[in-house]
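Following: one structure in structure tokens, then a few remarks.
The values are calculated or read from the model by the stated rules, or taken from the named source; none is laboratory data. Just so it is clear, the structure is predicted and the values come from calculations on it, not from any experiment. Quick reminder, even Gly has a Cβ in these numbers, built from the backbone with ideal geometry, and neighbours come from all protein chains shown. Accessible surface is based on the protein model in full, side chains and every heavy atom, while ligands, DNA and RNA are left aside. Shrake-Rupley method; radii C 1.70, N 1.55, O 1.52, S 1.80 Å.
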Amino acid sequence: MNPMDPAHPMPFDALTPDAYRQLEHAASLKGLLKPFKGKGELEHLAQVAREIEAQLCRLMEAVVQQAGQPPYSLLNIRLVLQNTSAGSTFLRWRTRDFARMGVAVWERQVRNNALPQAVREELHRFECDRIALNLQMSVVHSLYRQASTCAINMASAERLLRQFTPPVEVSR
């Protein structure tokens with residue numbers, strides 16, 4: 001298969017089940033749905049969410065790299081990583097000149113009648129992976145923010161309680 005031949009693009013395989021295997025074990029919700037005994041457990045949950053975000057980011061980078069190969073690199077669109085002010089990363093479609101961004105850019109390219117069907121199908125797969133990865137990143141980043149905020153609130157509640165807790169006397 002010649003990757004330069006737009007009729008027969010390179011098969012996209014960055015998001016195989018193996019790529020997600022590590023995430024499956026780290027992302028169990030059983031650790032979320034329990035009574036938290038203190039800020040330490042919430043900080044740990046936030047740390048795990050951050051680690052999952054990093055793994056998701058690596059998957060996103062793999063998708064961007066694949067979408068940057070011929071024949072896709074010959075098109076007028078690019079799949080790019082966009083860092084947000086909230087500290088997370090998302091996949092976005094952009095025109096080659098970066099004048100426009102969003103799913104409409106992808107839709108316009110897919111509607112191009114001159115586009116070979118095989119390339120159109122691969123662009124569809126890129127879009128489906130983009131949608132899924134963005135969802136996963138959004139959920140994990142939200143979990144991180146919530147766990148971090150709850151850890152801070154728990155520490156604050158604990159400090160307040162200590163102000164009204166008499167010191168323990170040591171007997172001699």
Dimensionless Rg/Rh of segment 83-138, both radii on Cα and Rh by Kirkwood, sits at 1.02
Expected field for residue 79, accessible surface area in Å² at 1.4 Å probe radius, rounded to 10, holds 10
A 1.4 Å probe over the protein heavy atoms gives segment 54-108 a carbon and sulfur accessible-area percentage of 49
Ranking 93, 106 from most to least accessible area with a 1.4 Å probe gives 106, 93
A correct Karplus calculation of ³J(HN,Hα) over segment 104-111, with 6.51 cos²θ - 1.76 cosθ + 1.60, θ = phi - 60°, whole Hz and x for Gly and Pro, returns 4, 5, 5, 4, 4, 5, 5, 6
Total charge of the residues flanking residue 140 in space, meaning their Cβ is under 11 Å from its Cβ, with Lys and Arg +1 and Asp and Glu -1, is 0
